[in-house]
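Enquirer: One structure coming up, written as structure tokens, with questions to follow.
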Amino acid sequence: MSTPLRATVAFQELIGSMRQHWANQLYPALHERYRNIDHGATPAMADQAIAQISQTPLYQWFAFIERHYQRMKYSDPRWGLAANFESRPEWVRERLAAAESSPYLELNPTLPIPAYYREIDIHQHPGNLIGADYDGLMYQASATSIHPNTRRFEAHERFGDRVLSRRRFQAVLNMGCGFGKCTFPIAARLPEAIVTGIDLSAPCLRLAAATLPDTGLPNVRLAQRDALRSGYADASFDLVTSTQLLHELPVDDIRLVLQESFRLLEPGGEVMHLDFRPQGRWMEFLLDGHAVRNNEGFMPAFNRLDMVAAMQDAGFVDIAIEPFAETEGATRADWPYWRFPWTLFRAVKPL
Ligand SMILES: C[S@@+](CC[C@H](N)C(=O)[O-])C[C@H]1O[C@@H](n2cnc3c(N)ncnc32)[C@H](O)[C@@H]1O
């Protein structure tokens, strides 16, 4: 079977439409309800308002959709993504075939995989990203519906623009590169640089390597390495980046990633980690719920981590934490729709 069943396509479209409804109708209604509750001036009053809204059918429907439609997207036994790719092994093999002979891909089958990564189905992705050959394809198919108000890859392209606006880097490390969503836009904007993407997930790296010839980019390298202990020599890069990596790590490992970023940079080099940071009790509450509903258990601790202090502890200076607009207008105060509070954490290694 080379194409997905019509029923699978229809089901996945239903999930996508539900996500749109959730982000653009349910969320504004829920936010309006919260604004209409007196959440007062003290943290205790805000907590009371949160407790009150948690009991409303509107919030419970919002939470149900977030958890269960994501679960059905992956794991519905007939029309879920896992069943779809499982039923088309030849198509998967062909799609990834170009990776086998790629001179730009370095895999390490004996790489130790950290426990947090082995034991949690993050995003509700069955087996996380190291369970099956098609995990990269499945993550790619899923990742397009999780941010319903951005064009495909828009956030990552805008991040590439942001990188380019800083300076013309020569040696870039992109940690947790997945299937290349961020690595490719950076490499396209810095043709004179070598951009290296590393990830724990061999299936994601294979998909990135299989996609690479279509991009026409000669300056991408891909390697199966751990961002916590990458094995590259000191001062190998002038820019270390990641997108949506930090919130997936236990707090102690975030500190290790910052230390590793520092070690890998040459003096004067820059770090730019793009992630999320809630401002205020309302968004913190929603992300705490999201963490439970989407199996992203380390997110609440990351949200409360003092990142300025953590980057200082790693040795960085010129630390800036800036809101990041993943699409035009998204950081406006009157933006009505659901969005993750994208935030850029950047700093410099002193000369
Ligand atoms: C949410 S995904 C983000 C992927 C991509 N950066 C993006 O923005 O679409 C997090 C990625 O980090 C990778 N990852 C998690 N822990 C890692 C580690 N210790 N070292 C390298 N990659 C890691 C995962 O395999 C996954 O591809």
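Enquirer: Just wondering, is there one or more residues in segment 97-107 that are within 16 Å of the ligand (Cβ to nearest atom) and either in contact with a Gly (Cβ under 6 Å, 6 or more places away or on another chain) or part of a helix (DSSP H, G or I) (or both)?
Expert: Among the residues of segment 97-107, at least one is within 16 Å of the ligand (Cβ to nearest atom) and either in contact with a Gly (Cβ under 6 Å, 6 or more places away or on another chain) or part of a helix (DSSP H, G or I) (or both), which makes the answer yes.
Enquirer: Still on this structure: Counting only residues that are more than 17 Å from Ala132 (Cα to Cα), in contact (Cβ under 8 Å) with a residue 24 or more places away in the chain and among the aromatic types (Phe, Trp, Tyr), how many does segment 54-89 have?
Expert: Total meeting the criteria: 5.
Enquirer: Can you pull out the residues in segment 115-144 that are of a type in the set (Gly, Ala, Ser) and in a loop (DSSP other than H, G, I, E, B)?
Expert: Within segment 115-144, Gly127, Gly131, Ala132 meet the criteria.
Enquirer: Do the conditions hold for Arg229, that is, is it open to solvent by 10 Å² or more (accessible area, probe 1.4 Å), of a type in the set (Lys, Arg) and within 12 Å of the ligand (Cβ to nearest atom)?
Expert: Answer is yes for this residue.
Enquirer: Also, I was wondering about something else. Taking the residues in segment 147-170 that are of a type in the set (A, V, I, L, M, F, W, C) and open to solvent by less than 30 Å² (accessible area, probe 1.4 Å) as candidates, determine which candidate is farthest from the ligand (Cβ to nearest atom).
Expert: So, considering only residues that are of a type in the set (A, V, I, L, M, F, W, C) and open to solvent by less than 30 Å² (accessible area, probe 1.4 Å), the one farthest from the ligand (Cβ to nearest atom) is Phe169.
Enquirer: Now a separate question. Got a sec? Which of Arg95, Arg88, Arg78, Arg67 is basic (Lys, Arg) and closer than 18 Å to Leu26 by Cβ?
Expert: When all the criteria are applied, what remains is Arg67.
Enquirer: Listed residues Ala208, Ala202, Ala223; which is farther than 24 Å from Leu256 by Cα, within 15 Å of the ligand (Cβ to nearest atom) and buried (at least 20 other Cβ atoms within 10 Å of the Cβ)?
Expert: Ala208
Enquirer: Quick check on this structure: which one of Leu173, Leu137, Leu129, Leu111 is at pLDDT 95 or above, among the aliphatic types (A, V, I, L, M) and closer than 24 Å to Ile65 by Cα?
Expert: When all the criteria are applied, what remains is Leu137.
Enquirer: Separate question: State whether one or more residues within segment 235-252 are among the small types (Gly, Ala, Ser), over 15 Å from the mean Cα position of the chain (by Cα), open to solvent by 10 Å² or more (accessible area, probe 1.4 Å) and at pLDDT below 95.
Expert: no
Enquirer: Moving to a separate point now. Quick one: which of Thr183, Thr196 is open to solvent by less than 50 Å² (accessible area, probe 1.4 Å) and more than 9 Å from the ligand (Cβ to nearest atom)?
Expert: That would be Thr196, the only listed residue that is open to solvent by less than 50 Å² (accessible area, probe 1.4 Å) and more than 9 Å from the ligand (Cβ to nearest atom).
Enquirer: Then there's this: Given Arg95, Arg33, Arg71, which one is out of contact with any Pro (no Cβ under 8 Å at 6 or more places or on another chain), surrounded by 14 or more Cβ atoms within 10 Å (Cβ to Cβ), closer than 21 Å to His147 by Cβ and of a type outside the set (A, V, I, L, M, F, W, C)?
Expert: Matching residue, one of Arg95, Arg33, Arg71: Arg71.
The values are calculated or read from the model by the stated rules, or taken from the named source; none is laboratory data. Worth saying up front: this structure is predicted, and the values here are computed from it rather than measured. A quick note on method: Cβ atoms are made from the backbone with ideal geometry, for glycine too, and the neighbour counts reach across all protein chains shown. With ligands, DNA and RNA removed, areas are computed over all heavy atoms of the protein, side chains included. Shrake-Rupley method; radii C 1.70, N 1.55, O 1.52, S 1.80 Å.
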